[in-house]
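All of the numbers you see were taken from the coordinates with simple rules; none came from a lab. Just so we're clear, the structure is a prediction, and the values are computed from it rather than from any experiment. Cβ atoms come from the backbone with ideal geometry, glycine included; neighbour counts cover every protein chain shown.
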Amino acid sequence: MLCNVSLERKLLKFSTISALFFALMGIGLGLWMGSLVIVFDGAYSLVSLALTLVSLAAASYIRSPKARKNPRLGMIEPGVIAFKGLVIALMCALSFSSAVSAMISGGREVDAGLALLFGVVNVVGCIASYMVMVRYGKKAQSALVTAESKQWLMDTVISAAVMAGFIVASLLTYVGMEEYAVYADPAMVVVASLYFVIVPLKMMAGALKRCREQYELSMSANWQNG
């Protein structure tokens, strides 16, 4: 089935607007509250925004008449997906390093009540965005949209992990164990970083395999034409 170009662009634009909203909300609130995990969540949304813009540019080029003259056109889409996977993996590594450093230095104290409210709003919004991308992405038949939906799945579970961390912090504070509550924030970043680095690595592996296949096809075509 052929890619629905119009729907593909609409979905990528929708993802761009959603990622921008969550990035601004997460980074802004995270810096104001001094919460590493909320900043991590917002930073992931910011990275998602940048990667979505890359996908939009790639989709625009791939569907253009000029691209048909490019003998290695088939390598562009998996190449973009591999790049997205690499960037997300690097972000997970940096976040893990920052969280471990915060834990060693004594944790981070956060207003768990306000942070929990942010977590609920964030999880609901991310689930809604993910469902839109999955539901209409099937109709679009686009590998770029499929990769985008995986980004939203990661963002959804990261946001859920953030919310779970603040629930744990609230419970620890409630039972008089405030000295442990300060570790909930960076601990959730460690868990999320370790768990989610698997997803971008799988994205990279699959995309690089497709790149190699497309390269071999282009070389075979050049050999036959020559």
Practice prompt. Give the whole-number value, in cubic angstrom per residue, of the convex hull volume spanned by the C-alpha atoms of segment 5-220.
Written response: 102 Å³
Worksheet item: For segment 5-220, what's the relative contact order in percent, using C-alpha pairs closer than 8 Å and at least 6 residues apart?
Response: 31 percent
Practice prompt. Any chance you could run the full-extension gain for L7 through Y195? It's 0.36 nm times the residue separation minus the Cα-Cα distance, nm to one decimal.
Written response: 64.5 nm
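Taking K and R as +1 and D and E as -1, what net charge do the other residues with C-beta under 11 Å from the C-beta of A23 add up to? Working shown, then result.
Details: positive: none; negative: D41, D155.
Combined, the nearby Lys, Arg, Asp and Glu give -2.
List D155, D41 from most exposed to least, where exposure is judged by having the fewest other Cβ atoms within 10 Å.
Numbers: D155 27, D41 32.
Fewest to most other Cβ atoms nearby, the residues stand as D155, D41.
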